[in-house]
Amino acid sequence: ALERTLSIIKPDAVAKNVVGEIYSRFEKAGLKIVACKMKHLSRREAEGFYAVHRERPFFNALVEFMISGPVSIQVLEGEGAILKNRELMGATNPKDAAPGTIRADFADSIDANAVHGSDAAETAAQEIAYFFASTEIFSR
Ligand code: CMP
């Protein structure tokens, strides 16, 4: 099915100047960037975005990292976009990420892991609405 997913290029990858290279991987895989913005997240925004992880031991480090610099936030659209994006990203921990994936190539650690992508249809819808008004999404 034609899907949309939320993608974030995290502060480590923005600082490494690989935003364009990562966009290129999305496009070569048939995913279309239908919305995008750069943003330096506030603590409140980062905490709200990752609210599902609030009780996890890594929550504070994750929020600190996500507010350490600007991020690039995108909506990707395409056939099976949610799974396709997760395949392009590779495993959460770059040590486990398959060769040729974004995390294998650009991530340094499980926190500084270059990208975020929605994990399911319901979270994709929530995450897209968290950052974009429908008037900011340009489909076709
Ligand atoms: P992300 O897809 O953005 O979702 C939550 C993030 O928490 C994850 O990527 C990792 O960067 C970070 N994180 C840190 N430690 C862990 C862990 N043990 N398990 C899952 N995510 C972790």
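The values are calculated or read from the model by the stated rules, or taken from the named source; none is laboratory data. The shown structure was predicted, so the numbers you read here are calculated from the model rather than taken from an experiment. Here the Cβ positions follow ideal geometry from the backbone for every residue, glycine too, while neighbour counts run over all protein chains shown. Areas reflect the complete protein model, heavy atoms only, side chains present, ligands, DNA and RNA absent. Shrake-Rupley method; radii C 1.70, N 1.55, O 1.52, S 1.80 Å.
Couple of notes before you dig in:
- Single residue of the stretch 20-44 satisfying the filter (part of a helix (DSSP H, G or I) and closer than 19 Å to I137 by Cβ) that is most open to solvent (accessible area, probe 1.4 Å): E27
- E136 at pLDDT 95 or above, open to solvent by less than 30 Å² (accessible area, probe 1.4 Å) and out of contact with any helix residue (DSSP H, G or I) (no Cβ under 9 Å at 6 or more places or on another chain): no
- Scanning the stretch 84-119 for residues that are near the ligand (Cβ under 8 Å from one of its atoms) and acidic (D, E) gives D111, D119.
- Filtering the stretch 48-68 for residues that are of a type in the set (V, I, T), part of a helix (DSSP H, G or I) and more than 12 Å from the ligand (Cβ to nearest atom) leaves an empty set.
- V71 vs. criteria open to solvent by 60 Å² or more (accessible area, probe 1.4 Å) and within 12 Å of the ligand (Cβ to nearest atom): no
- Output for the stretch 101-128, where each listed residue is among the hydroxyl-bearing types (S, T, Y) and over 17 Å from I22 (Cβ atoms): S109, T123
- Scanning the stretch 72-84 turns up at least one residue that is out of contact with any strand residue (DSSP E or B) (no Cβ under 8 Å at 6 or more places or on another chain) and over 16 Å from I8 (Cβ atoms).
- If you go through the stretch 88-105 and keep only what is under 14 Å from I8 (Cβ atoms), open to solvent by less than 20 Å² (accessible area, probe 1.4 Å) and not in a helix (DSSP H, G or I), you end up with nothing.
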